[in-house]
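Written below as structure tokens is the structure these notes are about.
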2 protein chains.
Amino acid sequence: MFAPRRIQHCRACGASTAYRVPADDNRERAICGTCGEIHYENPINVVGTVPVWGDQVLLCRRAIEPRHGLWTLPAGFMELGETTAEGALRETDEEAGARVELEGLFTMLNVVRAGQVHLFYRARMLDTRLDPGPETLEAQLFRENEIPWDQIAFRTVRQTLEHYFADRRSGAFGVHVGDVA
Amino acid sequence: MFAPRRIQHCRACGASTAYRVPADDNRERAICGTCGEIHYENPINVVGTVPVWGDQVLLCRRAIEPRHGLWTLPAGFMELGETTAEGALRETDEEAGARVELEGLFTMLNVVRAGQVHLFYRARMLDTRLDPGPETLEAQLFRENEIPWDQIAFRTVRQTLEHYFADRRSGAFGVHVGDVA
């Protein structure tokens, strides 16, 4: 999660850090006063899918905070050791238990306030068996006119769904890049 | 940079951490033995541009390691507080001193081994004035047949240049998503 200026101790030696601008840099970093280790903090990626079965899209109702009880597309933090696509597939499995085949990157949405970039892939569901994990209360397929627009958990999910239905009407899926204020 | 399992002390209290799987998680994280803080490690984004002037592309010769002396597209680590596009513009200014207008996301290339995702935007140069920063030995415009292919610093840069010239020949620029082994 986004936690700027939260590093108070050095990960290498445990001594106190202070935020100052290192030599040859132009912004403040947490620098260890004892061993000199510089701690960089960077945005992280959230990866997920738009799972599609015919004219229906799969949403998951969140069993965890934030936004407990609201609906989302399956997505979560990208991990070391995986690609964006592998992470999107993993989250789709973990949160919905859905088997899907990726069909291409669909949205890349910056959430600067949260220090995140959200990446959603279009995905074709291979069947309708679902097995929601512990982070999901229920997973359900929705036609466009059934989407619970007033109970969507995140703006990047709302924007991704809006792009999906607009592109589907137009008959061509693009890659949509944007920012969420 | 990619530095898994390098967290030996807690950023919050400085006590020793140990790698184990937290409750409700499925992979090892550095957890503080004293205050319980969990330290997540995630891939980070490298953002840059393909700056274009007519039939020429701008490359920068690196003044820093890794790959000192080799040629790259302007790019660097995405920072907190900026979007991918803002980061790409910032790096283009810092490394080449070039004024450009972004024309859209062009490549998204996973470098799993390095724990990185590389994002390049196509960019139209507004003029040919350059002012390379301290990380750049020189910046220079190249036609396709002048590109120093045997002196390119990174595979993601090579792939991005290859996609650029291929798309230019085909007359249509897409968004290219891929992985670098």
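The values are calculated or read from the model by the stated rules, or taken from the named source; none is laboratory data. Since the model is a prediction, treat every value here as computed from it, not as a measurement. Backbone-built Cβ (ideal geometry, glycine too); neighbour counts: all protein chains shown. Note: accessible area is taken over every heavy atom of the protein model, side chains too, but ligands, DNA and RNA are not part of it. Shrake-Rupley method; radii C 1.70, N 1.55, O 1.52, S 1.80 Å.
Computed quantities for the displayed model
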{"quantity": "Given (1) aromatic (Phe, Trp, Tyr); (2) open to solvent by less than 20 Å² (accessible area, probe 1.4 Å); (3) part of a loop (DSSP other than H, G, I, E, B), number of the condition B:Phe173 does not satisfy", "calculated": "(2)"}
{"quantity": "Hey, B:Ala166 modelled with pLDDT of 95 or more, more than 19 Å from the chain's Cα centre (by Cα) and either open to solvent by 20 Å² or more (accessible area, probe 1.4 Å) or not polar (S, T, N, Q) (or both) or not", "calculated": "yes"}
{"quantity": "Count of the range B:71-90 residues which are assigned to a helix (DSSP H, G or I), open to solvent by 10 Å² or more (accessible area, probe 1.4 Å) and not small (Gly, Ala, Ser)", "calculated": "3"}
{"quantity": "Check on B:Pro43, within 14 Å of chain A (Cβ to nearest Cβ), closer than 20 Å to B:Leu119 by Cα and in contact (Cβ under 8 Å) with a residue 60 or more places away in the chain", "calculated": "yes"}
{"quantity": "Among (1) in a helix (DSSP H, G or I); (2) among the small types (Gly, Ala, Ser); (3) within 10 Å of another protein chain (Cβ to nearest Cβ) - the single one A:Ala166 does not satisfy", "calculated": "(3)"}
{"quantity": "So B:Arg158, is it closer than 29 Å to B:Glu65 by Cβ, without any contact (Cβ under 8 Å) to a residue 60 or more places away in the chain and of a type in the set (Lys, Arg)", "calculated": "yes"}
{"quantity": "Subset of the range A:1-58 [surrounded by fewer than 15 Cβ atoms within 10 Å (Cβ to Cβ), assigned by TED's automatic domain parsing to the domain that holds A:Ile152 and either more than 27 Å from the chain's Cα centre (by Cα) or of a type in the set (S, T, N, Q) (or both)]", "calculated": "none"}
{"quantity": "A:Asp25 more than 28 Å from B:His176 (Cβ to Cβ), at pLDDT below 95 and not polar (S, T, N, Q)", "calculated": "yes"}
{"quantity": "Selection within the range A:132-149 - acidic (Asp, Glu) and within 20 Å of the chain's Cα centre (by Cα)", "calculated": "A:Glu135, A:Glu138"}
{"quantity": "Residue check for A:Pro22: more than 11 Å from chain B (Cβ to nearest Cβ) and assigned to a loop (DSSP other than H, G, I, E, B)", "calculated": "yes"}
{"quantity": "The listed residue being touching a residue at least 24 places away in the same chain (Cβ under 8 Å), assigned to a loop (DSSP other than H, G, I, E, B) and facing another protein chain (nearest Cβ under 8 Å), out of B:Cys13, B:Cys35", "calculated": "B:Cys13"}
{"quantity": "Index of the failed condition, B:Val47 passing every other in (1) in contact with a strand residue (DSSP E or B) (Cβ under 6 Å, 6 or more places away or on another chain); (2) assigned to a loop (DSSP other than H, G, I, E, B); (3) closer than 30 Å to A:Glu95 by Cα", "calculated": "(2)"}
{"quantity": "Selection count where residues are under 21 Å from B:Ala172 (Cβ atoms) and either part of a loop (DSSP other than H, G, I, E, B) or open to solvent by less than 10 Å² (accessible area, probe 1.4 Å) (or both), scope the range B:95-120", "calculated": "6"}
{"quantity": "Filtered residue count, the range B:144-158, keeping only those that are surrounded by fewer than 19 Cβ atoms within 10 Å (Cβ to Cβ) and under 29 Å from A:Val177 (Cα atoms)", "calculated": "3"}
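Rundown of residues vs (1) more than 11 Å from chain A (Cβ to nearest Cβ); (2) without any contact (Cβ under 8 Å) to a residue 12 or more places away in the chain, yes/no style:
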residue: B:Val47; (1), (2): no, no
residue: B:Val50; (1), (2): yes, no
residue: B:Ala63; (1), (2): no, no
residue: B:Trp71; (1), (2): yes, no
residue: B:Glu82; (1), (2): no, yes
residue: B:Glu91; (1), (2): yes, no
